[in-house]
Structures are given as C-alpha cells and as structure tokens.
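Heads up, the thing below is written out as structure tokens.
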Amino acid sequence: MRFLLTAACVTVVVAAQVPYTRIVNADKEPQNWLTYSRTYNGQRYSPLAQITPANVAHLKPLWTYQIEQMDHFETTPIAVDGILYLTEPPDAVSAVDARSGRRLWRYVRPVPADIQVCCGRVNRGVAILDNTVYAGTLDAHLLALNARNGALEWDITVADYKSGHSLTGAPLAIAGKVVVGIAGGEYGIRGFIDAYDAKSGKQLWRFWTVPGSGQPGNQTWTADSWRRGGAPAWVTGAYDPDSNVLYWGTGNPGPDWNPDGRSGDNLYSCSMVALDANTGQLKWHFQFTPHDSHDYDSTNVPMLMDGVVRGQPRKLVALANRNGFYYLLDRTTGEFLSAKPYAKFTWTTGIDDSGRPKVDRSMEPSENGTLVWPSLYGATNWFSPSYSPAAKLVYISVREQSSYFYKTQAEYQKGAMFTGGGERAMGGGKASGAVRALDALTGNMKWEFKLQSPPWSGLLSTAGGLVFGGSMEGNFYALDALTGKPLWDYQTGAEMYSNVMSFAVDGEQRIAVTSGHALFVFGLQ
Amino acid sequence: MLPVLALLTFLSQANPAAVAPPGIDLARAKRVFDTSCAGCHGPEGRGGKGPSLAVPKLRHARTDEELGQIILFGLPGTEMPPSWHLGVEGVTLAAAYVRMLGANATPPQVAGDVGKGQQLFRGKGACAGCHTIGAEGRAYGPDLSDIGARRSAAGLREALIQPNAAAGDGFVPVRAVTRQGEKVSGIRLNEDNFTIQILDASGRFHSFRKSVLSELQESPTESAMPSYQKIFSEGELQDLVAYLSSLRGEP
C-alpha cells in the first residue's frame, strides 16, 4: 500500500505538475487517473485493489456533484492528486475536490446558439499535461486552461463549426502535443485528426481521414465525393509510447445511408489508422467496414495489449467494433489476425480470412426501410470497453438491437445534415443489453451479464477483481470479473450515459460514474 | 452518430408556412403517410391502434411546429415513436398530410347510445374496477379519461374483443414467487436489472429485489383484461364503444 501513502502526501501540494513521464508511467500512481482511459493503452483498467468481491457489498455513495444543464453528462473525470478535472455539458470545464465534491474552479465558455451537433450537446472529458487542462468545444475550438485556477491560456479554432464540425471527445495529451479527432460525420465534413503544440496551440500536423486528390486511397471515392466523405474521429484513441504511434478509430463515410454517390471502399472511413505521433504520417490502416451504409463508426476505444496469437508473440491492438465484431490486429504491421462476433449481426454473412466482411447487399438501407442488426447505435458505441490484464478478459457493454434503415436522396448544403436516409431503432421488448466478457486473444465469450435494455455506459475493470457498469434503468453495478456474478448495485435514479473510473484519496479507493446530470463517487463504508 | 437535434433546429428555423406550403406534392405526402403513419393511425388517418388524425384539432399538436416535433421525436409516455429518419422533407410532407386530413375531417359518427354505454361501464362490465375516468374508478389498468381522443372506435372495439392485440409495453402482466413461497400476480409498474415493482389486482403495491424471487414470469404480449366478446351483446358493445369514444379528457 506504499503508493497510497504517497498519495496522501502529494495532495499537500495545491495542484501537481503532470509531465508526460507521469502519464507514461501511470501504473506507478494508481491513485490517479491521468488520461481518458487512465493509461495510453486504452485498457480502462484500475490497479487499485482495495474494493474486492469480498467487501463490495459495503460500497456507499460518498458525495454527488450536479451539473446545471440537462444535457447528457458523459465525462470521464481526470484525477490528479486529490482533484478531479471534468467537462460539464454543454460548455464548462471544472475542477472538483476529490474528497468532498466541492468545486474549486469552473471555466464557462458559452456555445453559439447555432451549433450543429447531430447527437446531443455532449463532451467526454479533458486531457492534462504539465499544468494545463485541455478541452474541445462543441463549436470546434480547443481550449488550454491553467489547471490551478481555470484561467484561459489559449483558445484556437480547430475547424468551422458552421459547416458541422465539432469536438466532443476528450483530447489526448502526449509529449509536448495535444491530439484531437473531429466530429461531424452527419454534415458532409471531411474528417481529420490534429496535433497541436501543448504550449502554444500551434498546429503541428493534420491527418485527413479522407485522402485528398492524388493521395493514396483517394481512388476509393467516386469523383469528388471525398470532399464530403465524413470519416470523423470523435472518440479518443490509444497511444504506444515505445513506438510513438497513435491508434485511432474513424467513423462513417458520408452520406451515411445512401452510398450510391460514393462507390468504392471509401478509405479511411470505418477504419483504424496508425499514425506516427511526430508527423501524423500514416503507418498503416485497417478498414473494418468498407463502403459502410449503416453508420457503423469504428470510433471505439482501441485497446493495446501483448499476447501470443497462433503460437506467435504479438504486439496487438483490439477493437470491439460497433459493427458487432471483436477484432485483433498486429499493431506493428496492421495485419488482420481475427474477428469474432460478440453480438447479433445481419449486415454481413461473416468476415473472410483477410478481415473483409462478406456484406449482404439485401441488408442495404431502402426507401421503405430494411431491418438490420445491429441498429444504428451499433452493438457497442463510444462508451469504453475494458481489458483486465489480470483476468486476460475484454469486457464489452453490448447493445442487442435492430433498426429499420431508410435511404433517401442526399444533397449537400453547408451546415445541414447530409445523411441520405435515416433509421428507426426497435425498442421495448425487441431490444436488450448485456455485459460480455471475452477471452482477449480468442474472442470467445467467457460469461455474460444480461441487461434490461441496450446500455449507454462504459465499463471499468479493477485489480480488485471487479467490473463496474451502468444501465439505462439507472442501475450502477459491480460484477465479479471472473464469473460475471452481480455482487452490488445502486439505483442512481437516471439513465446512465457514462464511463466509469476509479481513483484514491487518503489511501481509500473511490469509484466514480456519471448518471443523469450528476457525478456519483462511491467508497467503502 | 444520430442526427436528431439538428433536424429539430431545421424545423424550428423553418418558415412556419413551409410545413404546409400550397405547392406540396400530395402524392408524395400520401406515400410518406401510408408507409410511416398509417400502420398505427389507420388508412387516411381514421384511427387504429393510434388515435384518429382526421380531426380538426390535435390535442398535442396545436401548432405546426408542435406537430413536426411530435413526428420527429415521438411522444414520450405514449407509443408514438420518433421518426427522425423521415428527414426534414419527410416530416414536412407527413405534417402537411396530417393537416390536410384534419381540414377535410367530418365529425366521427359512432353508432350506439352513450348513456347506455356509461351504465354498462359502471355496471355489467365492471370496467371501473380496473380503469379510472377522472376521479372515478380504481387505478389498475390504463386511465380512460381521454381514451376517445387516443383510440378510434374500431381500435376500442378490437381492444374489447381481443385485449391481447392491444397489449403494449405498459401494463405487462407479471407473476412472481418469492423464495419463501409468497405468490404475487399483477401488472408491472416498473422494473430494472435488480428490482421489480408490481401492483396486484387488489390494489396492493409490491416491491421486490429480484434476488429474493424464485420465479418471475412476464407476459408482455398479453393483456390483464378479459375479452368482452361473450360478456356483451353486439348492441351493448356498440353502446360501450360510443361511450368510450365520447371520453375526450374534457370534464
């Protein structure tokens, strides 16, 4: 418990410097949560082990922090030495005392009334580096705030919000840089991933997720359809410090549901891209869903892990894709290793040996609607999976739901929806949810915990041997990480659009999760 | 991602006249209505499982903007689903068609005697044993204070003869047995992953942790209401439907 004693001492300092080396070595300070998924490898696993299957029954809410707006509260707090940094929808960044829940500062920057966001005025959190907190805004600005008092250090325009660009994901801070991925795939944007100088806000590079004229991959688009090709990058990626490579998922090609004007594979939509973090150069790409017509964004958090696959030791990247398959790729080469379904699917008859889906064309959107599994919301979505290196299991929050997919004409107009159709999800008794635990290397399901309805809550696994998650009925729950047996639950009183995290103060482990318009923090009592 | 808010923004920014412009393509509007609305609201909006739309005034959609929002987002607490897939154009067409149906509406003619129907409701049918109308009756099944505005006469008649056909996600019959052997039957008030809330036919409220139950049976495709086909004569059914149709939520 040595690290816990250290935590108590460090908190004497008002606000700590968080140099890059601390984030790289995040496992040395498990009481903190220094980046979106805690570690650069995207595993969302906490080494804290105080709360266990044996004592989780004594978990109680300790304090609640409420926001003042009615938008979904999807933030993952960053925890540094007794202070939580979080975004409050639609337009605020706050620092909160991790012991008491009392606010220390708040920066508010009102969003313009005419912002275009397809899916709610949401934000999923901040990044921290040295003494600066970074947050994206709904009008596509990137802000740098002083971590001590919330004062604005710089504010730069990443893109024009009037053409449908926005930032909803947490930035990723690496050595000297802040990386962001753009949102706006329903507005005919051309997607990109950017890196900015952490001190000045100067742009260092931009990787276009849709290659321009003359670039490799551009030939996978008809005529100039690439200019409105979408492929947003709205969920925070992972990073391998050893190789200095970023792994980032990309979203749907535009227009979403009418692919007629963009024949071809539409690179690099619905893909994973591996980028040199110094230059933004593409190292490799793998496209999960070529020529997508179901809005199956591959904007899921990539999980980096190492393991032996078919007798060969590999550096891996795993992705539980919105399209219903769990993928394993070699993260050095991008080589496809395996894809295993973890939810019901009908859009394809399977995945071939090269990793390419055998798409069923009768499942394409149509004028009168085509019923397809999974729904537009996917078999999972932005909310995080978790990988426990102790259990060697990947945990996925699974949505078992179908949609009618409709196809209409698509005409581009700046700032207007450019979707070419729509979808209607089947609800009520026709949909359900689950937490599923997969063997990380084979994708075989080890256990499942059924949920009343399709969830919008991510998962956290811990060294204590627990998995935490939330439901749309307000249940916050703890499962045995090895068996899936429910061990504890708490009714939070609202639908949960959330990602769970853990930290410690004064040597005591805490579990934090948003529900409705509040952040709940739990501890043993 | 899911395009919803922006569509609303479009709609609220649109010129109000744009919802029912004079030059609307009626054939296309009808096609949108037939494929997306008629399934519940009936051919030409004469009502079915959903209420008739061929009425001069729609309770929830007094303005065109309200109508557009209801088509787009659905009506929470009812079975009206969101239809944002229609897009701005589809919503505009559907709304224009609904307004046209309203403008051409003739008052619904329901055969039967409203007064006799009310007597049957209170007497022979014992309907008030489960349904409320205003302050009257026992709250077990759905409140019927405005059922005439929500259901067509044909839909009401079907619900009386074949209650299961009218069963929805609400009022699911459940049967629970505790590990101690206590048996509870009733309708589900609410449920989450770990608990269930049940109202039994005597009006008693039960709340259980699911972990204490040895058995939990839910019948979402069944209705707790018996069929009245054999209880009422054809004339009595007509009178009851006439009475129910007259209930518009206006005391």
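No lab work stands behind these numbers, since they all come straight from the coordinates. Worth saying up front: this structure is predicted, and the values here are computed from it rather than measured. Every residue, glycine as well, gets a Cβ built from its backbone with ideal geometry; the counts of neighbours run over all protein chains shown.
What to note about this one:
- Additional length obtainable on full extension of the chain from A:ASN368 to A:LYS344, 0.36 nm per residue less Cα span: 6.4 nm
- Relative contact order for chain B: 20 percent, from Cα pairs under 8 Å spaced at least 6 residues apart, divided by residue count.
- Each part gets one Cα centre, and for the stretch B:20-68 versus the stretch A:217-252 those centres are 42 Å apart.
- The H on the amide N of A:LEU104, modeled in the peptide plane, is under 5 Å from the matching H of A:ALA95, A:VAL96, A:ASP97, each at least 5 residues off or on a different chain.
- Value at 222 nm in deg cm²/dmol, rounded to 500, when DSSP H runs of n ≥ 4 in chain A each add -39,500 (n - 2.57): -500 deg cm²/dmol
- Sequence-ordered 3J(HN,Hα) estimates for the stretch A:394-407 from the Karplus curve with 6.51, -1.76 and 1.60 and θ = phi - 60° stand at 9, 10, 10, 8, 10, 10, 9, 7, 10, 9, 7, 9, 10, 10 Hz, glycine and proline given as x.
- Normalised convex hull volume, the protein assembly as shown, alpha-carbon set, Å³ per residue: 166
- Averaged over A:115-122, number of beta-carbon atoms from partner chains that fall within 10 Å: 4
- Model label sites at B:GLU44 and B:ARG138, defined 7 Å from Cα along the beta-carbon direction, differ in position by 4.3 nm.
- Look at where the Cα atoms of the stretch A:445-482 and of the stretch B:166-198 average out, and the two centres are 24 Å apart.
- Proximity of backbone amide H atoms, modeled 1.01 Å from N, is registered between A:GLY230 and A:ILE189, A:ARG190, A:GLY191, A:GLY254 at under 5 Å, excluding neighbours fewer than 5 places apart on the same chain.
- Backbone N under 18 Å from the B:LYS210 label point (7 Å along Cα→Cβ), restricted to the stretch A:429-457: A:429-437, A:447-457
- Mean sequence separation of contacting Cα pairs (under 8 Å, at least six apart), scaled by the length of chain A, corresponds to a relative contact order of 15 percent.
- Cα-centred dipole magnitude for the protein assembly as shown, charges only on beta-carbon of K, R (+1) and D, E (-1), debye, nearest 20: 800
- Each of A:ARG38, A:ARG103 was scored by other Cβ atoms within 10 Å of its Cβ. Listed from fewest to most, they are A:ARG103, A:ARG38.
- Dipole size of the stretch B:173-218 about its Cα centre, with +1 on Lys/Arg Cβ and -1 on Asp/Glu Cβ: approximately 120 debye, rounded to the nearest 20.
- Mean ellipticity per residue at 222 nm, deg cm²/dmol - from DSSP H runs of n ≥ 4 across chain B, formula -39500 (n - 2.57): -9500 deg cm²/dmol
- Value of relative contact order over the stretch A:424-525, rounded to a whole percent, pairs C-alpha under 8 Å and six or more apart: 17
- Shape call, the stretch A:13-86: gyration tensor on alpha carbons, a/c limit 1.5: oblate
- Charge dipole (debye, nearest 20) of the stretch A:214-268; +1 at Cβ of Lys and Arg, -1 at Cβ of Asp and Glu: 200
- Projected label distance in nm at B:GLU79 and A:ALA175, using a 7 Å step from Cα toward the beta-carbon: 6.3
- Total lysine pairs under 26 Å (Cα atoms) in chain B, excluding pairs fewer than 8 apart on one chain: 10
- Near the amide H of A:GLY125, within less than 5 Å, lie the amide hydrogens of A:THR76, A:THR87, A:ALA170, all on another chain or at least 5 residues away, with H placed in the peptide plane.
- A crude spin-label estimate for the pair B:ASP113 and B:ALA154, with each label 7 Å from Cα along the Cβ direction, gives 2.7 nm.
- Anisotropy class of the stretch A:219-336 from Cα gyration tensor, a/c 1.5 cut: prolate
- FRET efficiency, 1/(1 + (r/R0)^6) with R0 25 Å, evaluated for A:ASP97 and A:GLN17 via beta carbons: 0.85
- Rounded, prolate or oblate (a/c below 1.5 giving rounded, otherwise prolate when a/b exceeds b/c) for the stretch B:173-218 by Cα gyration tensor: oblate
- Of B:LYS230, B:LYS116, B:LYS49, the residue with the greatest mean-square motion in the GNM of chain B, using alpha carbon springs below 10 Å, is B:LYS230.
- Chain A: antiparallel DSSP beta bridges as a percent of all, rounded to 5: 95
- When each of A:CYS270, B:CYS130, B:CYS37 is scored by the number of other beta-carbon atoms lying within 10 Å, the sequence from fewest to most is B:CYS130, B:CYS37, A:CYS270.
- Rounded to whole numbers, the Karplus 3J(HN,Hα) couplings from phi for the stretch A:509-524 are 6, 10, 10, 10, 7, 8, 8, x, 10, 9, 9, 9, 10, 10, x, 6 Hz, using 6.51 cos²θ - 1.76 cosθ + 1.60 with θ = phi - 60°, and x at Gly and Pro.
- The order of A:LYS485, A:LYS407, going from fewest to most other C-beta atoms within 10 Å of their C-beta, is A:LYS485, A:LYS407.
- Fully extending the segment from A:SER432 to A:ASP360, taken as 0.36 nm per residue of separation minus the present Cα-Cα distance, adds 23.5 nm.
- The residue list A:VAL133, A:VAL122, A:ILE83 was ranked by how far each Cα lies along the charge dipole of the stretch A:28-135 toward its positive end, using unit charges on Cβ atoms, and A:ILE83 comes out on top.
- A:LYS414-A:THR333 FRET efficiency (beta carbon distance; Förster radius 30 Å; 0.05 resolution): 0.15
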